1. Would you compute the Debye intensity of the chain from its alpha-carbon atoms alone, equal scatterers and no solvent, and pass along log10 I(q)/I(0) at q = 0.16 Å⁻¹ to two decimals?
2. For the range 101-191, what is the accessible area per residue in Å², given a 1.4 Å probe and the full set of protein chains?
3. Which order do ILE69, ILE151, ILE95, ILE47 take by accessible area at a 1.4 Å probe, largest first?
4. If you roll a 1.4 Å probe over the range 49-98 with all protein chains in place, what percent of the accessible area is carbon or sulfur?
5. Leaving ligands, DNA and RNA out of it, work out the accessible area of LYS192 with a 1.4 Å probe and give it in Å² to the nearest 10.
6. How large, in percent, is the carbon and sulfur part of the accessible surface of the range 142-218 at a probe radius of 1.4 Å?
7. Which of the residue pairs LYS78/LYS124; LYS134/LYS192; LYS169/LYS194; LYS42/LYS171; LYS42/LYS148 have a Cα-Cα distance greater than 30 Å in the structure shown?
8. Heavy-atom accessible area of GLU12 with all protein chains present, probe 1.4 Å, nearest 10 Å²?
Amino acid sequence: TAIRLKDLPEMEYRITDKPFPRGEICVRSPCVTSGYFMRPDKTAEAIDAQGYLNTGDVGIVYPNGTIRILDRSKNIFKLSQGEYVAPEKVENILIQSNYIAQCLVYGDSFKNCCVAIIVPEADKLKEWAEQNGKEVAAVTSEQDPAFKELIMAEIQSLGTLRKLNSLEKPKEIFIASDPFSVENDIVTPTFKLKRNIGKKVYQAEIDAMYEELAKRGL
């Protein structure tokens, strides 16, 4: 059996990382599948030209040869119940709301629900603020409860309409004041979300959301 790591530059995992190499774990062995039955396209996605299977697990290799799993290379995470959530699926549904321009759904394997960073549609935010006699900047800086309630209602409505299960619907949100952009490094030049960067940027807000949920017994 042979094991090696593959660079994942978009997730900032590289075999040149210090102090220890990190990357997607790839395995080649006689006991590893040779591919998908009659699906050469799927086989090519999963197994490279050298016969290494891309496991989808991100690992770090220590000097003694042991490997610790750090992350998943694919857009999927596991909650504490053992259930998996595909955040991109949820995000693509939520941005169908007229009030949501961008969002980042996050889940922790030690938590039993997911949370979300929401970038509101600028025009809708401005319209709502004017109708409610509030400053746009104050809505985000103060995490206006009424506006958050509106967004949560949108999430519930779309989630029900598109048949999201209860674990896929974020239980708490943070209203971001700035869009995800190339400038703040949360999206790539092709506007693909950099999840690990987004998590780093909003780590304090993510922690605060989970703390709030814990206070509410959720």
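The values are calculated or read from the model by the stated rules, or taken from the named source; none is laboratory data. None of the values given here were measured: they were computed from a predicted structure. In this analysis, Cβ positions are derived from the backbone assuming ideal geometry, glycine residues included, and neighbour counts consider all displayed protein chains. Just the protein is used for accessible areas: all its heavy atoms, side chains included, with ligands, DNA and RNA removed. Shrake-Rupley method; radii C 1.70, N 1.55, O 1.52, S 1.80 Å.
1. Log10 of I(q)/I(0), two decimals: -1.15.
2. Details: 4830 Å² over 91 residues.
Here the per-residue accessible area is 53 Å².
3. Working: ILE69 95, ILE151 0, ILE95 70, ILE47 30 Å².
Accessible-area ranking of ILE69, ILE151, ILE95, ILE47, largest first: ILE69, ILE95, ILE47, ILE151.
4. On the way: 1310 of 2790 Å².
With neighbouring chains kept in place, the figure for the range 49-98 is 47 percent.
5. Per-residue accessible area (LYS192): approximately 110 Å².
6. Working: 2450 of 4390 Å².
Summing carbon and sulfur atoms, their accessible area is 56 percent of the total for the range 142-218.
7. Numbers: LYS78/LYS124 33 Å; LYS134/LYS192 33 Å; LYS169/LYS194 21 Å; LYS42/LYS171 35 Å; LYS42/LYS148 42 Å.
From LYS78/LYS124; LYS134/LYS192; LYS169/LYS194; LYS42/LYS171; LYS42/LYS148, over 30 Å: LYS78/LYS124; LYS134/LYS192; LYS42/LYS171; LYS42/LYS148.
8. 70 Å²
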